[in-house]
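Data first, discussion second: the structure below is written as C-alpha cells.
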Amino acid sequence: MSHLLGIEIGGTKLQLVAATDSLQITHHKRLTVTQSEGAQGILRQINEVLTEEWKDLSFSAAGVGF
C-alpha cells in the first residue's frame, strides 16, 4: 500500500506523518530540532525516520510545510 508523506518543519520541532490515500494517519513521529545542526540536522533526522523506522513504507506523494 502506498502512503502520503507529510513533513512539518518548525523552529523547535519536526513532525512526520504517513497517511493512506483516504487521509487516515498510520504513522506519526515528532522530533526535536537541534538548531545548531541547521538544515543538515533536519535532513539527517528525516532520512533516519524514512530509512530506518519507516523503511517498509512506500510513498506516492509528499508535502512539506515550514
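The values are calculated or read from the model by the stated rules, or taken from the named source; none is laboratory data. For clarity, every value in this text was computed on a predicted model and none was experimentally measured. Note that each Cβ is placed from the backbone with ideal geometry, even for glycine, and that neighbours are counted across all protein chains shown. Only protein heavy atoms, including side chains, enter the accessible area calculation; ligands, DNA and RNA are left aside. Shrake-Rupley method; radii C 1.70, N 1.55, O 1.52, S 1.80 Å.
Looking at the range 23-43, can you tell me whether even one residue there is without any contact (Cβ under 8 Å) to a residue 12 or more places away in the chain and in contact with a Gly (Cβ under 7 Å, 6 or more places away or on another chain)? There is at least one residue in the range 23-43 that is without any contact (Cβ under 8 Å) to a residue 12 or more places away in the chain and in contact with a Gly (Cβ under 7 Å, 6 or more places away or on another chain). Would you please name the residue that is farthest from V64 (Cα to Cα), looking only at residues in the range 3-27 that are of a type in the set (S, T, Y) and loosely packed, with under 11 Cβ neighbours inside 10 Å? Here the residue is S22.
Within the range 35-66, how many residues are β-branched (V, I, T) and open to solvent by 40 Å² or more (accessible area, probe 1.4 Å)? Of the residues in that region, 2 qualify. With respect to the conditions (1) open to solvent by 100 Å² or more (accessible area, probe 1.4 Å); (2) touching a helix residue (DSSP H, G or I) at 6+ places or on another chain (Cβ under 7 Å), R30 falls short on a single one, namely (2).
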